[in-house]
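The structure under discussion appears below in the form of structure tokens.
The values are calculated or read from the model by the stated rules, or taken from the named source; none is laboratory data. Since the model is a prediction, treat every value here as computed from it, not as a measurement. Neighbour counts are summed over all protein chains in view; Cβ atoms, including those assigned to glycine, are modelled from backbone coordinates with ideal geometry.
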Amino acid sequence: MSHPQVRLEPWSDANLDLLRLINAPEMMEHLGGPETEEQIVARHKRYLGISERGTGRMFSVILLPGLDIVGSVGYWDSKQREESVYEIGWSILQAYQGRGIATAAVAEAIASARIQRKHRFIHAFPSIRNMASNAVCRKLNFTLAGPCEFEYPLGNIMECNDWRLEI
């Protein structure tokens, strides 16, 4: 089985519509449900600001060779148990799931984070019920630190797995 080829493009103003697609109920099932338009616009501004502030990078995921925009991936500064780390998150549009695209995109984002040489570890916090995202972590050799509670979005406590990778 061949692995999908992806390219990561820096998050831009043009990606607001991508966030609206990602906001579908089936896409937000493990993340507290769909957001309001105001929340989507605020998220878009946060994503743009991550690179501007130098606190990480957000990307759109482009599937090659057709150049379809199929999702998002990014990493940002975070604190875990008083340690400065990167946190990583991703979302692949439903029509493109199950093809290894998330794994390829997350691998590319991790390579970008390594180049930054800012933090020793990168963490992912998928819901314990999100089998696909947990599988991405396993495939990319993250170590399962254990279950944890995670607030996302604000006011919504999720049961997550804390996956950690040394970068």
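Table for the structure above
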{"quantity": "Qualifying positions in region 1-52 - outside any loop (DSSP other than H, G, I, E, B) and β-branched (Val, Ile, Thr)", "calculated": "Val6, Ile22, Ile40, Val41, Ile50"}
{"quantity": "Some residue of region 44-56 being touching a helix residue (DSSP H, G or I) at 6+ places or on another chain (Cβ under 6 Å) and under 23 Å from Glu9 (Cβ atoms)", "calculated": "yes"}
{"quantity": "Failed item, numbered, when Asp77 is tested on (1) part of a strand (DSSP E or B); (2) in contact with a helix residue (DSSP H, G or I) (Cβ under 8 Å, 6 or more places away or on another chain)", "calculated": "(2)"}
{"quantity": "Among the candidates Ser60, Ser51, residue that is out of contact with any Asp or Glu (no Cβ under 7 Å at 6 or more places or on another chain), among the small types (Gly, Ala, Ser) and either closer than 22 Å to Ile101 by Cβ or modelled with pLDDT under 90 (or both)", "calculated": "Ser51"}
{"quantity": "Of all residues in region 136-166 being among the aliphatic types (A, V, I, L, M) and surrounded by 14 or more Cβ atoms within 10 Å (Cβ to Cβ), the one that is farthest from the chain's Cα centre (by Cα)", "calculated": "Ala145"}
{"quantity": "Residue ranges of strands (runs of 3 or more DSSP E) in region 120-167 with at least 1 members more than 23 Å from Ser84 (Cβ to Cβ)", "calculated": "157-166"}
{"quantity": "Yes/no for Glu83 being under 10 Å from the mean Cα position of the chain (by Cα) and among the charged types (D, E, K, R)", "calculated": "no"}
{"quantity": "Any hit, region 72-79, residues being surrounded by fewer than 16 Cβ atoms within 10 Å (Cβ to Cβ), over 17 Å from Asn134 (Cα atoms) and of a type in the set (Lys, Arg)", "calculated": "yes"}
{"quantity": "The listed residue being of a type in the set (Val, Ile, Thr), more than 27 Å from Phe150 (Cα to Cα) and touching a Leu at 6+ places or on another chain (Cβ under 9 Å), out of Val6, Val41", "calculated": "Val6"}
